[in-house]
Amino acid sequence: MRIGFISSNNGWGGGEKLLSHLIKEIRDQSHSIALVTRKESPIAAWACESQIQDVFYQRGYGRHPAYLMKLRNWVRHNEFDIIVLNDPHAITSGGIATWGLPTTRIGMRHTIFPIRSAWKHRYLVDHVTCVSSAAQRECIAAGLSPEETSVIHGGIPFPKVMASDSREARQNFQNESNQQSEQHILAVGSLLPVKGFDTIIRAISAGIQSGHRWRLWLAGEGPELGQLATIAGEEGIENRVEFLGHRDDVATLLTAADLFISASHSEGLSLVLIEAMMAECPIIATPVGGAREVLRIQETGESPYAETFQPCDTFGLTNAIINTLRNSDERTSKARQAKQWAEQQFSAQKMADEHLALYKKLSGSKS
């Protein structure tokens, strides 16, 4: 098959990370790949490093009539079987540019935020793939029928971490804290209010004030960095919170940490949660959106793979950390089972296979 992908975002988030895994897996199965993206975007840099040969550079958000005509001619010339539109702006520009062409257009839905422009998901694409059932429910609430959507869970490649790298990362934790008896807690994600990092910092502070030797490592970048640093200072634990910035070695950090926390208020799926499971790192998480599916969280709030707490519940998170770190046998058992489940259900190859099966079905029905 010949497949074109359009990504309009100028940043690197979960949607772009998932797209990179999907493109790589599909290309590895000998399908022809092309990509539309902004020239200075992180996904363009990734495409260069990954030697994606056929790249068409987008102008801004891709709404200028001259650009749309160029994109339309490029799509027509390439005779794609499928065009995949990875974000709402891509759905707008790609959907308009390809209107009336025989190419099947598939939009991707990565979040569970309410859909603001339902019309374009109904009329500018032929089908919408959702990274979780939670994301699909938002599409249906916006007016799409179940037949117009499919759930294909996001997936990641199996992490490959050298034992020496894991030991070095753990040693770095200890060197920074200078306390081998401390327990190291990791959180990862864009520094945004929706990720709940303020709750994590306050929960860590409450535990430290109760005598626990905890240290928080927070990997990620974003506009909330200053505010989070202020909270750590106000709590008096600025020397126990390390802001790591953007990291390319998250899998290694997960193998070195004692515990991973996801405090999100909303999640379409959370690839880093899957990474934590595959790294066999004990997990505490909020039961929101696609995280419920990843961790198989029941209506009671219980998960066979993790401890859970409600968003913004500092007290509940502090207790969950205490309980998880105290019960070593249960913690180890849950982490081992989580790894087996994640490798079975959330591999990049499984994701790509399901996408390709859908592409073949939809392109065949349209021809």
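The values are calculated or read from the model by the stated rules, or taken from the named source; none is laboratory data. Everything numeric here is computed off the predicted structure, so don't read it as measured data. Cβ coordinates were reconstructed from backbone atoms using ideal geometry, including for glycine residues, and neighbour counts include every protein chain displayed.
Some notes on this structure:
- Any hit, segment 24-34, residues being in the same structural domain as Thr104 (by TED's automatic domain parsing), crowded, with 18+ Cβ neighbours inside 10 Å and under 23 Å from Arg247 (Cα atoms): yes
- Segment 304-354, subset acidic (Asp, Glu) and surrounded by fewer than 14 Cβ atoms within 10 Å (Cβ to Cβ), residue nearest to Glu293 (Cα to Cα): Glu330
- Criterion violated by Ala45 - all others in (1) aliphatic (A, V, I, L, M); (2) without any contact (Cβ under 8 Å) to a residue 12 or more places away in the chain; (3) touching a His at 6+ places or on another chain (Cβ under 8 Å) satisfied: (3)
- His212 more than 24 Å from Gly14 (Cα to Cα) and in contact with a helix residue (DSSP H, G or I) (Cβ under 9 Å, 6 or more places away or on another chain): yes
- All conditions but one from (1) touching a residue at least 60 places away in the same chain (Cβ under 8 Å); (2) under 16 Å from Ser132 (Cα atoms) apply to Cys312; the one that does not is (2).
- Qualifying residue in segment 196-206 (condition: assigned to a loop (DSSP other than H, G, I, E, B), farther than 21 Å from Glu176 by Cβ and modelled with pLDDT under 95): no
- Within segment 33-85, restricting attention to residues that are in contact with an Asp or Glu (Cβ under 9 Å, 6 or more places away or on another chain) and in a helix (DSSP H, G or I), the residue that is farthest from Ala357 (Cα to Cα) is Pro42.
- Some residue of segment 135-151 being under 24 Å from Ala279 (Cβ atoms) and modelled with pLDDT of 90 or more: no
- Consider segment 130-148 and keep the residues that are within 16 Å of Arg105 (Cβ to Cβ), over 15 Å from the mean Cα position of the chain (by Cα) and not charged (D, E, K, R). The one that is surrounded by the fewest Cβ atoms within 10 Å (Cβ to Cβ) is Leu144.
- If the condition is being more than 21 Å from Gln179 (Cβ to Cβ) and of a type in the set (S, T, N, Q), then segment 227-251 contributes Gln227, Thr230.
- Within the set Lys334, Lys360, the sole residue that is assigned by TED's automatic domain parsing to the domain that holds Val131 and basic (Lys, Arg) turns out to be Lys360.
- The strands (runs of 3 or more DSSP E) found wholly in segment 214-327 and carrying at least 2 residues that are among the aliphatic types (A, V, I, L, M) and under 27 Å from Arg137 (Cβ atoms) occupy 283-285.
- Pairs are defined by a Cβ separation below 9 Å, a sequence spacing of at least 6 or placement on different chains, a first member in segment 171-182 that is among the β-branched types (Val, Ile, Thr), and a second member that is at pLDDT below 75; no pair meets this definition.
- Residue-level analysis places Gly220 outside the set of residues that are surrounded by 16 or more Cβ atoms within 10 Å (Cβ to Cβ), over 18 Å from Asn175 (Cα atoms), assigned by TED's automatic domain parsing to the domain that holds Thr318 and in contact (Cβ under 8 Å) with a residue 60 or more places away in the chain.
- Tabulated pairs, segment 128-157, first on the phi > 0 side of the Ramachandran plot, second of a type in the set (Val, Ile, Thr) and assigned to a loop (DSSP other than H, G, I, E, B), C-beta under 9 angstrom, 6+ apart or interchain: Gly143/Ile115
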